[in-house]
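The values are calculated or read from the model by the stated rules, or taken from the named source; none is laboratory data. As the structure is a computational prediction, the values presented were derived from the model and not from experiment. Please note: Cβ atoms are built from the backbone with ideal geometry, for glycine as well, and neighbour counts cover all protein chains shown.
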Number of protein chains: 2
Amino acid sequence: MSAPRAQVRRVPDRGRYEQDYVNAILDAGFVCHVGFVEGEQPFVIPTIYGRDGDRLFLHGSPGSRLLRVARSGAPLCLTVTHVDGLVLARSLFHHSMNYRSVVVFGRGAEVADPDERLHALRILSDQVCPGRWDDARGPNAAELKQTMVVAVTIEDASGKVRTGPPLDDEEDYGLPHWAGLLPLRLVAGVPVPDPRLPNRVEAPGYLNNLHP
Amino acid sequence: MSAPRAQVRRVPDRGRYEQDYVNAILDAGFVCHVGFVEGEQPFVIPTIYGRDGDRLFLHGSPGSRLLRVARSGAPLCLTVTHVDGLVLARSLFHHSMNYRSVVVFGRGAEVADPDERLHALRILSDQVCPGRWDDARGPNAAELKQTMVVAVTIEDASGKVRTGPPLDDEEDYGLPHWAGLLPLRLVAGVPVPDPRLPNRVEAPGYLNNLHP
């Protein structure tokens, strides 16, 4: 999936282009930042996504500007970033961050076929919360009409990853400052029942596997 | 800071324009997604930022394409998103996410003055890890030369926020599905000392206050 526009230029040895590697980073998240252009102005809007092979599904209201631009076939850039930790070196200069990110270039088209749209919505639901699709009331015809789905076909994509401890200049290793990593990750708290939920309904088990 | 391009269009009652409110969302994060345009292609690149009044500082290598475009004065969009939780409704249609996001429009200029650059680097360091600036070796002249700083002046900005429980259709409240929130937040783990750190150096206390 490598190509010039998707080439990692800064710190090129952090660039990863293998499709499985890129997909694993995409599959570990559910929020992307979509870039599009209107006039000469870039816009960057966060939204959820679901991956299905070489396509990323987006969804929302038919009135959404993001979706209207996305379905027009205009060039898009979708970026997914996982912050894995702070890298604290002895020198401020060598401070860094551990992260996994993917930059996707592609163009979108509306998913108009009702069966395909339902499939896309399930992919989106599974990306955010596996198990939920079969444990909630499914969409009815009126709701499906109010939901636009756009499929962005991945034309090029690249991953960029930093892992591991800080790398200081050799002469700084003797300095007295603490150095190391502060790991960071998105963690789920205890499920909070809706105030209108009857007491006897317990939180479903699949929530325990999400961001433990 | 409101203006048409920064106007929240979808679910407009989630839009927030008060400067203090927008700043609080910016101050709660340290990673933004910067959108810029080359030709007709949008690019969205994650990077750290530091806020100083109505400016957001970015930094990196002078060879960075992002920084070279940013300092050129081209129109930029910088977006900061905090994912606060999954909103699980009885109907799939009313599933949502709790979040706080800010979209900033502005243009950048290089911070060339050495004192101002040092100030900006301190702002950046404090945004990511307060307390670290005074507890690490400061930048020397060669390192400062290798560090480009760009200040993006915020021209327009808007926040968008969702909080609270799911909102189902009235006729769905009797359905048997669990409904509520799964809170999510970025949490720090236990600091991991650099393998080359002498045993006697303890992790600094300020790390305990970061993302507890």
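Some values worked out for this structure:
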{"item": "Output for region B:162-212, where each listed residue is basic (Lys, Arg) and touching a residue at least 12 places away in the same chain (Cβ under 8 Å)", "result": "B:Arg162, B:Arg185"}
{"item": "Subset of region B:181-200 that is more than 27 Å from the chain's Cα centre (by Cα) and at the interface with chain A (Cβ under 7 Å from one of its Cβ atoms) - its residue that is surrounded by the fewest Cβ atoms within 10 Å (Cβ to Cβ)", "result": "B:Pro195"}
{"item": "Complete set of residues in region A:78-134 that are buried (at least 20 other Cβ atoms within 10 Å of the Cβ) and among the aromatic types (Phe, Trp, Tyr)", "result": "A:Phe93, A:Tyr99, A:Phe105"}
{"item": "Qualifying residue in region B:134-146 (condition: of a type in the set (Lys, Arg), at pLDDT 95 or above and out of contact with any Gly (no Cβ under 7 Å at 6 or more places or on another chain))", "result": "yes"}
{"item": "Test: B:Val44 is in a strand (DSSP E or B), more than 16 Å from the chain's Cα centre (by Cα) and either at the interface with chain A (Cβ under 9 Å from one of its Cβ atoms) or surrounded by 21 or more Cβ atoms within 10 Å (Cβ to Cβ) (or both)", "result": "no"}
{"item": "Flag for B:Val111 being among the β-branched types (Val, Ile, Thr), more than 7 Å from chain A (Cβ to nearest Cβ) and out of contact with any helix residue (DSSP H, G or I) (no Cβ under 6 Å at 6 or more places or on another chain)", "result": "no"}
{"item": "Hits in region B:50-77 (condition: within 11 Å of chain A (Cβ to nearest Cβ) and not small (Gly, Ala, Ser))", "result": "B:His59, B:Pro62, B:Arg65, B:Leu66, B:Leu67, B:Arg68, B:Val69, B:Pro75, B:Leu76, B:Cys77"}
{"item": "Within region B:155-180, considering residues that are of a type in the set (A, V, I, L, M, F, W, C) and under 14 Å from B:His95 (Cα atoms), the one surrounded by the fewest Cβ atoms within 10 Å (Cβ to Cβ)", "result": "B:Leu167"}
{"item": "Any hit, region B:54-64, residues being in contact with a Ser or Thr (Cβ under 7 Å, 6 or more places away or on another chain), buried (at least 23 other Cβ atoms within 10 Å of the Cβ) and under 17 Å from A:His33 (Cα atoms)", "result": "no"}
{"item": "Complete set of residues in region B:7-33 that are farther than 26 Å from A:Ser61 by Cβ and either touching a helix residue (DSSP H, G or I) at 6+ places or on another chain (Cβ under 6 Å) or among the β-branched types (Val, Ile, Thr) (or both)", "result": "B:Phe30, B:Val31"}
{"item": "Residue in region B:7-39 that is farthest from the chain's Cα centre (by Cα), counting only those that are more than 10 Å from chain A (Cβ to nearest Cβ) and among the hydrophobic types (A, V, I, L, M, F, W, C)", "result": "B:Val8"}
{"item": "Qualifying residue in region B:109-122 (condition: of a type in the set (Gly, Ala, Ser) and touching a Leu at 6+ places or on another chain (Cβ under 7 Å))", "result": "no"}
{"item": "Among the residues listed as A:His59, A:His119, the single one being within 17 Å of the chain's Cα centre (by Cα) and farther than 17 Å from B:Pro42 by Cα", "result": "A:His59"}
{"item": "Flag if A:Asn208 is at pLDDT below 95 and farther than 19 Å from A:Phe57 by Cβ", "result": "yes"}
{"item": "Scan of region A:145-154 for residues that are surrounded by 16 or more Cβ atoms within 10 Å (Cβ to Cβ) and closer than 14 Å to B:His95 by Cβ, ordered by number", "result": "A:Thr147"}
{"item": "Boolean, B:Gly73 is buried (at least 17 other Cβ atoms within 10 Å of the Cβ) and at positive phi", "result": "no"}
{"item": "Number of positions in region A:1-41 that are at pLDDT 95 or above and crowded, with 20+ Cβ neighbours inside 10 Å", "result": "11"}
{"item": "Total residues in region B:123-141, condition within 10 Å of another protein chain (Cβ to nearest Cβ), within 20 Å of the chain's Cα centre (by Cα) and in contact (Cβ under 8 Å) with a residue 24 or more places away in the chain", "result": "5"}
{"item": "Residues (of a type in the set (S, T, N, Q) and either in a loop (DSSP other than H, G, I, E, B) or at positive phi (or both)) located in region B:1-41", "result": "B:Ser2, B:Gln7"}
{"item": "Restricting region A:165-175 to residues that are more than 7 Å from chain B (Cβ to nearest Cβ) and in a loop (DSSP other than H, G, I, E, B), the residue that is farthest from A:Phe105 (Cα to Cα)", "result": "A:Gly174"}
